[in-house]
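J.: Please see the structure below; I have some questions.
Taken together, the values in this text are just the output of simple stated rules run on the coordinates, not laboratory data. Remember, predicted model here, so these are calculated numbers, not experimental data. Reconstructed Cβ throughout: ideal geometry from the backbone, glycine too, with neighbour counts over all protein chains shown.
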Amino acid sequence: MNQNLYAQFEQRFPHDDGAPAMVLPGGRLYTYGQLKSESARYARLLTSLGAQPGDRIAVQVEKSASAVFLYLGALRAGCVFVPMNPAYQRGELAHLLGDARPHVFVVRPQAAAQGRVLAAAAGVPHVLELGDDGEGEIAQAAARQVPRSAIAQRSADDLAAILYTSGTTGRPKGAMLTHRNLGVGVSTLHRFWAFEPGDVLLHILPIYHFHGLFVALHCALWNGSAMRFEPRFDAARAVALLSSSTVCMGVPTHYVRMLGEPGLDVAACRGMRLFVSGSAPLLPDTFNAFRRRSGHAILERYGMTEGGMFASNPYLGERRCGTVGRALPGVSLRVVDAGGASAAPGETGQIQVRGANVFAGYWRLPEKTSEEHTVDGFFKTGDLGRLSEDGYLTIVGRDKDLVISGGLNVYPKEIEEVIDALPGVRESAVIGLPHPDFGEAVVAVVVRDTSIDCTAVPQAADVVGAVKASLAAFKVPKTVHFVEELPRNAMGKVQKNLLRERFASGRGASAAKNTRKKRQHDPA
Ligand code: AMP
């Protein structure tokens, strides 16, 4: 049997070719019949350019219906889809093209000149343009093709995609995802989140990232669902579209922005079945406020580029705020201590996962791949977390964000939770900065909440005092910086590396040193 992911999707598409697949702003509708014929044209175009099964097709374009046809066309042709963040600049692109060595590179017209130069340097044979609204030379060339109805034969272990890690530190690495990885991933989520006939997905995520492409889009295709396909997120529009949708997937920032819309209420969400959040931590304030306003408990899940979703709160049952739920069916998930032994419930350690959805390794980096796996085949996620007695996982942060002060481990999230609970604080990020005595010093970066009437604007002393009152002395920030907002990437992740750079170089905003006590703890 053909294990090509596209073949798996097509078997599940509605029998009626007229069934809606994507509705774009302005009302432009694409049916499942068009999804099949358009992707077949793109498949023909790619093969006419000499692309063979296994060849990479690199794509740096905006979200559009044509971008979806191109993705499905690449799968149909047996090629390996390599989406790239449109925010990537020259240096990053040069690295990605040199690493992925695609046969075809699809670029936005405004970046085409640079794309051609970089492609030539990397030996990429074909560069084609695709405009932000899905127009451009590749769309025109595809329109001239006779649809290629054949679907390239692929085995479960063949690559379907290479997704570069978001790379908040270091150079992006290519995560190799097979037809099995993606097929198992989507079928598990489809079942676990109880997709049903008639579901309509509000698609507000970008499609160069796992979340928007392999979680949101895939779930809709697997279900043969219609999507409200929004190329750009607009909170007011999203809230208005809830009445004609049943499922929404977003990052926490989307939910924060929707909360800023007066139209978000129970009536607006009456037809909604499910709100899913992931890619970054959902703050309890957001979870609670959204529940009050919409009547829905957002379902938080956890996963990453290297294999998709690993844990999820349940569809039925308790969605526990501050946790990402239990391991998904088919995923073995464990938390281990520094020696590799299983951590006791409540103990923080490294999260490791194993399962058919977990990626096949890093592209052209066999050593890195084996470094990041244990001898019994678990992938070391690089995330820190703890499991409750009943298996709910709490993410404590990235391993790399762990602060080691005076030889003692400081988990930023624990401190951030205390600071966030202070009146007048919107959010915070705790980082470690080089310190001559302690190795690293705990530093808090705080965003004040200016939207509420707060008589006492929190000061550094309040932040320090609150942490001191509830946590051990070695966790108390040595410096507190106040900023207007935290730097985030497009997926809503706080870029702690940028904060570290900014404050290590002393270019920070208002800072207050906690000098009340000279030494807060002795190095361990
Ligand atoms: P990416 O590979 O860009 O999808 O980033 C994956 C990383 O995002 C994970 O390793 C986690 O650090 C983080 N992440 C994903 N989902 C969550 C979540 N629900 N809560 C906290 N962090 C998350």
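J.: Using modelled amide H (1.01 Å from N, peptide plane; none on Pro or chain starts), what sits under 5 Å from the amide H of G303, excluding residues fewer than 5 places away?
T.: S279, F310
J.: Then there is this: According to a simple spin-label model (label point 7 Å from Cα along Cα-to-Cβ), what is the distance in nm between H15 and A156?
T.: Label-label distance for A156 and H15, simple model: 2.9 nm.
J.: Would you please give the FRET efficiency between A141 and L29, computed as 1/(1 + (r/R0)^6) with r the Cβ-Cβ distance and R0 = 25 Å, to the nearest 0.05? Intermediate values should be presented prior to the final figure.
T.: Values: r = 24 Å, r/R0 = 0.94.
Result of the calculation: an efficiency of 0.60.
J.: Full-extension gain between S48 and S470, please, as 0.36 nm times their residue separation minus the C-alpha to C-alpha distance.
T.: Difference between extended and current length: 145.4 nm.
J.: Run through the DSSP bridge list for the chain and note the antiparallel percent, rounded to the nearest 5.
T.: Counting only bridges with both partners in the chain, antiparallel ones make up about 60 percent.
J.: How high is the relative contact order of the stretch 315-399, in percent, counting Cα pairs under 8 Å that sit 6 or more residues apart?
T.: Working: 139 pairs, mean separation 28.4, N = 85.
Rounded, it is 33 percent for the stretch 315-399.
J.: Can you tell me the length gained on complete extension of the stretch N409 to R90, counting 0.36 nm per residue apart and subtracting the Cα distance?
T.: Values: separation 319, 0.36 × 319 = 114.84 nm, distance 3.76 nm.
111.1 nm is the gain from fully extending N409 to R90.
J.: To the nearest 500 deg cm²/dmol, what mean residue ellipticity at 222 nm is calculated for the chain from DSSP H runs of n ≥ 4 alone, each contributing -39,500 (n - 2.57), summed and divided by the residues?
T.: Working: 15 runs with 147 residues, N = 524.
One gets -8000 deg cm²/dmol as the mean residue ellipticity at 222 nm.
J.: Shifting gears a bit: Under 1.5 on a/c is rounded, so check that first for the chain, then, if it is not, pick prolate when a/b is larger than b/c and oblate when it is not; a ≥ b ≥ c are the square roots of the alpha carbon gyration tensor eigenvalues.
T.: prolate
J.: On to the next question. Which residues does the label zone of E318 cover in the stretch 385-412, counting backbone N under 17 Å from a point 7 Å along Cα→Cβ?
T.: 386-395
J.: Kindly state, to the nearest 0.05, the FRET efficiency for A194 paired with E367, given R0 = 45 Å and r defined as their beta-carbon distance.
T.: According to the calculation, E is roughly 0.60.
J.: How large is ³J(HN,Hα) for each residue in the stretch 462-478, as worked out from phi by the Karplus curve 6.51 cos²θ - 1.76 cosθ + 1.60 (θ = phi - 60°), to whole Hz, x for Gly and Pro?
T.: 5, 4, 4, x, 5, 5, 4, 6, 10, 10, 4, 4, 5, 9, 6, x, 7
J.: What number, in percent, do you get for the relative contact order of the chain if the mean sequence gap of Cα pairs under 8 Å and at least 6 apart is divided by its residue count?
T.: 10 percent.
J.: Could you rank the peptides 304-312, 385-393 by their average count of other C-beta atoms within 10 Å per residue, with the highest value first?
T.: Per-residue Cβ counts within 10 Å, averaged per peptide and sorted highest first, yield 304-312, 385-393.
J.: For the stretch 273-285, what does the Karplus curve 6.51 cos²θ - 1.76 cosθ + 1.60, with θ = phi - 60°, yield as ³J(HN,Hα) per residue in whole Hz, taken in order and with x for Gly and Pro?
T.: Once rounded to whole Hz, the list reads 9, 7, 10, 10, 10, x, 5, 7, x, 8, 5, x, 4.
J.: Here's something else I'd like to know. Quick check: the distance between the Cα centres of the stretch 334-371 and the stretch 32-106, to the nearest angstrom?
T.: If we compute the Cα centre of each part, the gap is 31 Å.
J.: Sticking with this one: Amide H of L128 versus every other amide H placed in the peptide plane: which residues, excluding those fewer than 5 positions away on the same chain, fall under 5 Å?
T.: For L128, the qualifying residues are F105, V106, V107.
J.: Students often check this: by mean Cβ neighbours within 10 Å, which of 353-364, 61-72 ranks highest, and how do the rest follow? Intermediate values should be presented prior to the final figure.
T.: Working: 353-364: 21.3, 61-72: 23.8.
Descending mean neighbour count gives 61-72, 353-364.
J.: At what distance in angstrom do the alpha carbon centres of the stretch 382-402 and the stretch 208-285 lie from each other?
T.: Cα centres, the stretch 382-402 to the stretch 208-285: 25 Å.
J.: Related question: I'd like the antiparallel share, as a percent to the nearest 5, of DSSP beta bridges with both residues in the stretch 23-114.
T.: Rounded to the nearest five, the antiparallel share is 10 percent.
J.: Using θ = phi - 60° and the Karplus curve 6.51 cos²θ - 1.76 cosθ + 1.60, what whole-Hz ³J(HN,Hα) does each residue of the stretch 422-434 get, with Gly and Pro shown as x?
T.: Listing the rounded values in order: 5, x, x, 10, 8, 6, 8, 9, 9, 10, x, 10, x Hz.
J.: Quickly rank 337-350, 21-34, 425-438, 206-219 as a protection proxy: mean count of other C-beta atoms within 10 Å, highest first. Please report the intermediate quantities before stating the final value.
T.: Numbers: 337-350: 13.8, 21-34: 16.1, 425-438: 18.9, 206-219: 24.0.
So the peptides 337-350, 21-34, 425-438, 206-219, ranked by packing, come out 206-219, 425-438, 21-34, 337-350.
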